[in-house]
Amino acid sequence: MAGSLFQRLRSLEPEEQILNGASVVALVGVFLPWASGHMLGSDRVVYSGLGFYTSFVGISILLIHIFVLLITLLPLAGGPILIRKQYREYVRLFCGAQATVLVLAALSVLAKVTFEFSRMEIRFGIFVAFIGSVIVLFYGLLRVQEQRRSQVRELFHHPEDSSATSSRPDQLSHPRPPPPPSAPQPEDHRLHLNL
């Protein structure tokens, strides 16, 4: 079962793979350290995205990226489809934008804390979550544009063109033009002068 799921994941489009991979990166970034240092003379502390002042934001980011992954993984595993195909890319775009805004909000909170407590510093985990969320947002936007292009192609695609080419793929849908007529022979006009 796991082997077939992995094979189905590998058969996804490259944009889809990158989008889901970035969502996994953002998920990992939530568990990595977001802030560390000494607060008010305490021992050194390290906080992930699920701790400190940003815990609710970190939980929200975690749930958003789990939802983005479930949109892809559940149908591949034979489960129910969470979002219809026509709305799937828009939902992913919205989730990517929401996660990016939430990471920026958490970053602003952590920046304020590090200004107030000089021995606290922002760690790499929040930047990993930010990069993953931005990639999800970017590829969500690309997927929405591709979906719009395909809808426009379907709108302006004439059904008779597809039936003519699908029933006779070896023949062109337009008849061949007749060959050009052969060139006439030049006439022989000799002037005979009688002298």
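The values are calculated or read from the model by the stated rules, or taken from the named source; none is laboratory data. The shown structure was predicted, so the numbers you read here are calculated from the model rather than taken from an experiment. Cβ atoms come from the backbone with ideal geometry, glycine included; neighbour counts cover every protein chain shown.
General observations
- Within the range 30-58, the set of residues being touching a His at 6+ places or on another chain (Cβ under 9 Å) and at pLDDT 85 or above comprises just one member, VAL30.
- Residue, surrounded by the most Cβ atoms within 10 Å (Cβ to Cβ), within the range 89-134, restricted to residues that are without any contact (Cβ under 8 Å) to a residue 24 or more places away in the chain and β-branched (Val, Ile, Thr): VAL91
- Within the range 56-63, the presence of a residue that is under 15 Å from the mean Cα position of the chain (by Cα) and either farther than 30 Å from ARG119 by Cα or in a helix (DSSP H, G or I) (or both) is excluded.
- So LEU137, is it at pLDDT 80 or above, surrounded by 15 or more Cβ atoms within 10 Å (Cβ to Cβ) and in contact with a strand residue (DSSP E or B) (Cβ under 8 Å, 6 or more places away or on another chain): no
- Filter result for SER23 (part of a helix (DSSP H, G or I), of a type outside the set (Phe, Trp, Tyr) and either touching a residue at least 60 places away in the same chain (Cβ under 8 Å) or touching a Leu at 6+ places or on another chain (Cβ under 7 Å) (or both)): yes
- Criterion (over 15 Å from LEU110 (Cα atoms), within 22 Å of the chain's Cα centre (by Cα) and without any contact (Cβ under 8 Å) to a residue 24 or more places away in the chain) met by exactly one of ARG44, ARG10: ARG10
- The set of residues in the range 63-105 that are of a type in the set (A, V, I, L, M) and touching a Phe, Trp or Tyr at 6+ places or on another chain (Cβ under 7 Å) contains only VAL103.
- Qualifying residue in the range 81-101 (condition: over 18 Å from the mean Cα position of the chain (by Cα), in a helix (DSSP H, G or I) and of a type in the set (Asp, Glu)): no
- Residue selected from the range 108-130 under the condition of a type in the set (Lys, Arg) and out of contact with any Ser or Thr (no Cβ under 7 Å at 6 or more places or on another chain), by the criterion nearest to GLY96 (Cα to Cα): LYS112
- Which listed residue, of THR72, THR114, is more than 21 Å from ILE135 (Cβ to Cβ), assigned to a helix (DSSP H, G or I), of a type outside the set (A, V, I, L, M, F, W, C) and touching an Asp or Glu at 6+ places or on another chain (Cβ under 9 Å): THR114
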